[in-house]
Each structure stands twice: as structure tokens, then as C-alpha cells.
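**Q** This is the structure, below, for whatever I ask next.
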Amino acid sequence: MIAQDRKLPAPEPNPETQKFWDAAARGQLLLKRCTACGELHYYPRAICPFCFSDKTEWQPAAGTGKIYSYSVMRRAPTPYAIAYVTLSEGVSMLTNIVDFDLDKIRIGQEVRLVFKPTDGGPPVPMFTPV
Ligand SMILES: [Zn+2]
């Protein structure tokens, strides 16, 4: 069963995430790095979740990673797969696996970034096996 595109609600950017969504609209995935402790995090926050510093800066992600865990939502009107993807940068994202056979998704699969359009908002980052 191939994952079908489903209608996605528009994200609602806020001051912490506006740059993230602006970049998404240009097809770029941004992470945040804390310049105090050096850790990357996702989703983007103004305060580092590791050391609570407010010294964070944006950094583009390569858009590659591996599936850490996943779950197929078969009872949804349009079945889809949610997953934690560990990016090449080491950060995990809660995301969807798209454009792929839902029965063939495997933990450890290498994936790449794709942006999917939303209902009137910026596109959202999702992943497809390579
Ligand atoms: Zn920090």
C-alpha cells in the first residue's frame, strides 16, 4: 500500500519558528544549534532545551537521515506513517514517511527530505526512503 498524499493542516508559525517556516517555503530544512553548549535541537526553540541558554543560531540540515522508529496509521481516512527520523546531524525529528510502500518501511532505512504542501501554509518536512 503506497502512502497517498493526504490533506495537511497549515502549520502556524510563531516568533520562535517563523524563520524555520520561511526556509521551508524555500525548500530548506533548518535546525537550531546552541552556541553555548554546541548541541543541535529540533523543533526550533528560542531557549536551548539542553542548557537553557538563549544563544541559539540557525543551521541548515543536509536533509538525510535514518528511520529510528515508525508506526503506520492504517485506520486514518488516508493511511500514513509517522516516524522518528534521526538526521545525519544527530537530531531526531517526529515526521512522516511518504511516497513509499507503507508495508515496506523498515527501521534503519536511509531517508531523504521532501517537503509536502499544506492547506494554505508553508510546506512541512517529511521523509522518503532512498
Ligand atoms: Zn545549550
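The values are calculated or read from the model by the stated rules, or taken from the named source; none is laboratory data. Just so it is clear, the model here is predicted, and its values are computed rather than measured. As a convention, Cβ positions derive from the backbone with ideal geometry for all residues, glycine included, and neighbour counts pool all protein chains shown. The area values use the complete protein model at the heavy-atom level, side chains included, leaving out ligands, DNA and RNA. Shrake-Rupley method; radii C 1.70, N 1.55, O 1.52, S 1.80 Å.
**Q** Of (1) hydroxyl-bearing (Ser, Thr, Tyr); (2) modelled with pLDDT of 95 or more; (3) under 25 Å from Gly120 (Cα atoms); (4) open to solvent by 40 Å² or more (accessible area, probe 1.4 Å), Ser88 satisfies all except one. Which?
**A** For Ser88, the failing item is (3).
**Q** Same structure, new question: Assess whether Pro79 counts as being touching a Lys or Arg at 6+ places or on another chain (Cβ under 9 Å), closer than 19 Å to Asp5 by Cβ and of a type outside the set (S, T, N, Q).
**A** In short, yes.
**Q** Taking the range 50-85 on its own, how many of its residues are farther than 26 Å from Ile97 by Cα and open to solvent by 40 Å² or more (accessible area, probe 1.4 Å)?
**A** Here the count works out to 6.
**Q** How about the range 91-106: which of its residues are closer than 12 Å to Met126 by Cβ and of a type outside the set (A, V, I, L, M)?
**A** Thr95, Asn96, Asp99, Phe100 - these are the residues of the range 91-106 that are closer than 12 Å to Met126 by Cβ and of a type outside the set (A, V, I, L, M).
**Q** Would you say Arg106 is part of a loop (DSSP other than H, G, I, E, B), over 19 Å from Pro11 (Cβ atoms) and open to solvent by 60 Å² or more (accessible area, probe 1.4 Å)?
**A** Answer is yes for this residue.
**Q** In addition: Would it be correct to say that Pro49 is over 13 Å from Thr128 (Cβ atoms), at pLDDT below 95 and assigned to a loop (DSSP other than H, G, I, E, B)?
**A** No; evaluated as a whole, the condition is false for this residue.
**Q** Quick one: in the range 44-77, of everything that is within 22 Å of Phe127 (Cα to Cα) and among the aliphatic types (A, V, I, L, M), which residue is farthest from the ligand (Cβ to nearest atom)?
**A** Ala76
**Q** Among (1) part of a strand (DSSP E or B); (2) of a type outside the set (Ser, Thr, Tyr); (3) free of Cβ contacts under 8 Å to residues at least 12 places away in the same chain, there is one condition Leu31 misses while meeting the rest; what is its number?
**A** The one condition Leu31 does not meet is (3).
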